[in-house]
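**Student:** Below are the structure tokens for one structure; questions will follow.
The values are calculated or read from the model by the stated rules, or taken from the named source; none is laboratory data. Everything quoted here is computed from the prediction, not taken from an experiment. Using ideal geometry, Cβ is built from the backbone for each residue, glycine included, and neighbour counts are taken over all protein chains shown. We work out accessible area using only protein heavy atoms, side chains counted, and drop any ligands, DNA or RNA first. Shrake-Rupley method; radii C 1.70, N 1.55, O 1.52, S 1.80 Å.
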Amino acid sequence: MAVIIEQPDAPRSRKGAQWEKRAWIFMRISGVFLIFLIIGHLLVNLVLPERGVKAIDFAFVAGKWASPFWQVYDGLILWLALIHGTNGMRTLVNDYTERVWLRKALNTTLWVTAGLLILLGTLVITTFDPCIDPNVHTYLPDLVCKG
Amino acid sequence: MSTAVESTKEIAAVPSFTVTLFVRRFNPETDSEPKWQDFDVQVFGTDRVLDALHKIKWEQDGTLTFRRSCAHGVCGSDAMRINGRNRLACKTLIKDLDITQPIYVEPIKGLTVEKDLVVDMNPFYQAYKDVKPFLIASDKPEKERLQSPEDRARFDETTKCILCAACTSSCPVFWTDNQYFGPAAIVNAHRFIFDSRDEAAEVRLDILNDKEGVWRCRTTFNCTEACPRGIEVTKAIAEVKQAILRGKR
Ligand code: HEM
Ligand code: SF4
Ligand code: FES
């Protein structure tokens, strides 16, 4: 007599089941982007300027953010590094916390903090106004200031 | 003549030496915490850690509790932490360890200790059961299911698992998160996911595409290093991840 094994459950499609996969893919893709973004960031800010880190001042930042290229570039680092770093920290929290409430509290704190930092950073990058410096035209001669 | 006798004597004389074993003891009836106990054991160069444990149990302290069955690396009963590494006691020659130092023997980590070196294996077996470690095919098992040698080779590695739990209990993610399926369950899912005769690869991939599934793996390679069967466990897990990303085997 043949033994018939019933076909076990069909795939269980749970709500949110794809999230862990997406997070895993995101960590790798953002990681690859971050390698290049961060190397470029360090080169342009620290290695290439003659005076190294001492070259960074209001004028340096104003000069960079006058160009949409650096606005997008810095915006990308901001978003990718914060989401990548926060998701990485979420992994660590999930590793080390056993109590559900503590896990929830720490993860909520992480994402709220990251959200605030992204919001603030994006605001600064997009609304930065070099005209608050009265001497702005010594280093940005083409800049037109209102009022 | 005399030289011949001498040389046989030399061959027959298996060197024996004394080693100190520190064994992690825990008696749930009297102890609140596990503690180390040391034993001096006279062993031969051919002895394994399991032989030393036997000598302790049979000659010094009959209460020492550990699991073993085949004593030859087949049944997977005696995985334990020896000098901080997960090994089978029956496959670890004492002479291969640093015998100038004491040998430390502990239960495997991440599973509740029941007594001395015996841990509760139920969570481990449950994760194994959850990946449906059996052939699922729609046709009736009335005749042989043929398979090409290439198709068989695809999952040959993972057929070698003896469910000793050395890998799962070497995994830092499993130590802190018992919900994680763990390497052994993924190895045994791999065994069927990549079997051309099996028809439920998607079901198992879906099970492992879970919050506590393959994505918890952080590629630390502890499992590959621990496996007494030489299975490249981390690679098997990576292959399952790839299969989930593809959506099929
Ligand atoms: C330089 C380029 C970077 C690359 C290539 C990279 C790559 C990765 C990858 C692939 C993971 C996942 C590891 C795993 O799941 O096994 C990871 C985890 C992590 N990353 Fe990055 N990352 C980079 C930059 C950053 C930056 C800038 C931060 C901080 C803002 C960061 C913070 C983290 C954290 C906290 C984790 C979790 C650690 C863990 O899982 O043990 N990474 N990174
Ligand atoms: S994969 Fe290796 S270490 Fe893991 S349970 Fe199987 S035989 Fe043991
Ligand atoms: S006693 Fe069977 S594997 Fe060691």
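**Student:** Using a simple charge model, +1 on the beta-carbon of Lys and Arg, -1 on the beta-carbon of Asp and Glu, nothing else, what dipole does chain B show about its Cα centre, in debye to the nearest 20?
**Tutor:** For this selection, approximately 560 debye.
**Student:** Could you tell me which of A:Phe60, A:Thr108, A:Leu48 has its Cα farthest along the dipole of segment A:27-129 towards the positive end, charges placed at Cβ (Lys, Arg +1; Asp, Glu -1), taken about the Cα centre?
**Tutor:** The listed residue farthest towards the positive side: A:Thr108.
**Student:** Would you mind working out the accessible area per residue for segment A:27-129, using a 1.4 Å probe, and quoting it in Å²?
**Tutor:** Computed with neighbouring chains in place, this is 64 Å² per residue.
**Student:** In addition: Segment A:72-94: which residues show an accessible-area loss of 30 Å² or more, assembly versus chain alone, 1.4 Å probe?
**Tutor:** Residues passing the criterion (a loss of at least 30 Å², heavy atoms only) are A:Thr91, A:Asn94.
**Student:** On to the next question. In whole percent, what relative contact order does chain B give with Cα contacts below 8 Å and a gap of six or more residues?
**Tutor:** Normalised by residue count, the contact order of chain B is 17 percent.
**Student:** May I ask you to give the percent of accessible area on the protein assembly as shown that is carbon plus sulfur, with a probe radius of 1.4 Å?
**Tutor:** Its accessible area is 60 percent carbon and sulfur atoms.
**Student:** As a check on your grasp of the helix formula, calculate [θ] at 222 nm for chain B: sum -39500 (n - 2.57) over DSSP H runs of n ≥ 4, divide by the residue count, round to the nearest 500.
**Tutor:** Per the formula, -8000 deg cm²/dmol.
**Student:** Further question on the same structure: With 5 Å bins from zero, work out the P(r) of chain A over every alpha carbon pair and list the percent per bin.
**Tutor:** Per 5 Å bin, starting at 0, the Cα pair percentages come out as 2, 7, 12, 14, 15, 12, 9, 8, 6, 5, 3, 2, 2, 1, 1, 1, 1, 0, 0.
**Student:** Which whole number in µm²/s is D for the protein assembly as shown by Stokes-Einstein, with the Kirkwood Rh taken over Cα pairs at 37 °C and 0.692 mPa s?
**Tutor:** For these conditions, the coefficient is 126 µm²/s.
**Student:** Do you know which residues of segment B:150-178 lose at least 50 square angstrom of accessible area in the protein assembly compared with their chain on its own, with a 1.4 angstrom probe?
**Tutor:** The answer is B:Thr176 - residues whose exposure falls by at least 50 Å² when every protein chain is included.
**Student:** Any idea of the total accessible area buried by the B-A contact, 1.4 Å probe, rounded to 100 Å²?
**Tutor:** The buried area between B and A, both sides summed, comes to about 2100 Å².
**Student:** What ³J(HN,Hα) values, in whole Hz, does the Karplus curve 6.51 cos²θ - 1.76 cosθ + 1.60 give for segment B:190-198 when θ = phi - 60°, with x put for Gly and Pro?
**Tutor:** Each residue of segment B:190-198 in turn: 3, 3, 9, 4, 9, 8, 4, 7, 8 Hz.
**Student:** Of the candidates A:Leu80, A:Leu37, A:Leu106, which one comes out as most mobile in a Gaussian network treatment of chain A with C-alpha springs shorter than 10 Å?
**Tutor:** A:Leu106
**Student:** Please return the longest range in chain A lying between exposed loop sites, taking trypsin sites (Lys or Arg not before Pro), DSSP loop only, at most 15 other beta-carbon atoms within 10 Å, and leaving the sites out.
**Tutor:** A:52-98
**Student:** Moving on. What share of all Cα pairs of chain B, in percent, falls into each consecutive 10 Å distance bin?
**Tutor:** Pairs per bin, as whole percents: 7, 27, 28, 19, 12, 5, 1, 0.
**Student:** Also, I was wondering about something else. Given the options B:Thr220, B:Thr92, B:Thr30, state which has the largest fluctuation in a GNM of chain B using a 10 Å cut-off (strictly under) for Cα springs.
**Tutor:** B:Thr30
**Student:** Give me, ordered by chain and number, the residues 5 or more places off B:Thr92 or on other chains with an amide H under 5 Å from its own placed amide H.
**Tutor:** Long-range HN contacts for B:Thr92: B:Val49, B:Leu50.
**Student:** Right, something else. Considering only C-alpha atoms, what is the centroid distance from segment B:143-159 to segment B:183-198, in Å?
**Tutor:** Their Cα centres are 12 Å away from one another.
**Student:** A further question on this structure: For chain B, take the longest principal axis of its alpha carbons; what is the angle in degrees between that and the long axis of helix B:233-246, to the nearest 10 within 0 to 90?
**Tutor:** Between helix and principal axis, roughly 10 degrees.
**Student:** Mean-square fluctuation check for chain B, GNM, Cα pairs under 10 Å: which of B:Ile82, B:Ile99, B:Ile56 is largest?
**Tutor:** Result for chain B, Cα springs under 10 Å: B:Ile99 fluctuates most.
**Student:** Could I ask something else about it? Please report, for the Cα atoms of segment B:1-124, the Rg to one decimal and the Dmax as a whole number; what are they, in angstrom?
**Tutor:** Every Cα atom of segment B:1-124 included, Rg and Dmax give 16.7, 64 Å.
**Student:** Charges on Cβ only, +1 for Lys and Arg, -1 for Asp and Glu, centred on the Cα centroid of the protein assembly as shown; of B:Asn188, B:Leu93, B:Leu117, which one is farthest towards the dipole's positive end?
**Tutor:** B:Asn188
**Student:** Hey, what's chain B come to in accessible area per residue, 1.4 Å probe, Å²?
**Tutor:** 50 Å²
**Student:** Taking the Cα centre of segment A:27-129 as origin, work out the dipole magnitude from +1 charges on Lys and Arg Cβ and -1 charges on Asp and Glu Cβ, in debye rounded to 20.
**Tutor:** In debye, rounded to 20, segment A:27-129 gives about 300.
**Student:** Taking every alpha carbon pair in segment A:16-92, what does the distance histogram look like in 10 angstrom bins from 0, in percent?
**Tutor:** 17, 40, 26, 14, 4, 0
**Student:** Further, regarding this structure: Residues of segment B:212-230 that become at least 20 Å² less accessible with every protein chain present than in their own chain isolated, using 1.4 Å: which are they?
**Tutor:** Checking the loss per residue gives B:Trp215, B:Arg216, B:Arg218.
**Student:** Residue separation times 0.36 nm, minus the C-alpha to C-alpha distance between A:Phe128 and A:Ala105: what's the value?
**Tutor:** Stretched out fully, the A:Phe128 to A:Ala105 stretch lengthens by 4.9 nm.
**Student:** Relative to the Cα centre, what is the charge dipole magnitude of the protein assembly as shown, using +1 at the beta carbon of each Lys and Arg, -1 at the beta carbon of each Asp and Glu, and rounding to the nearest 20 debye?
**Tutor:** I would put it at about 740 debye.
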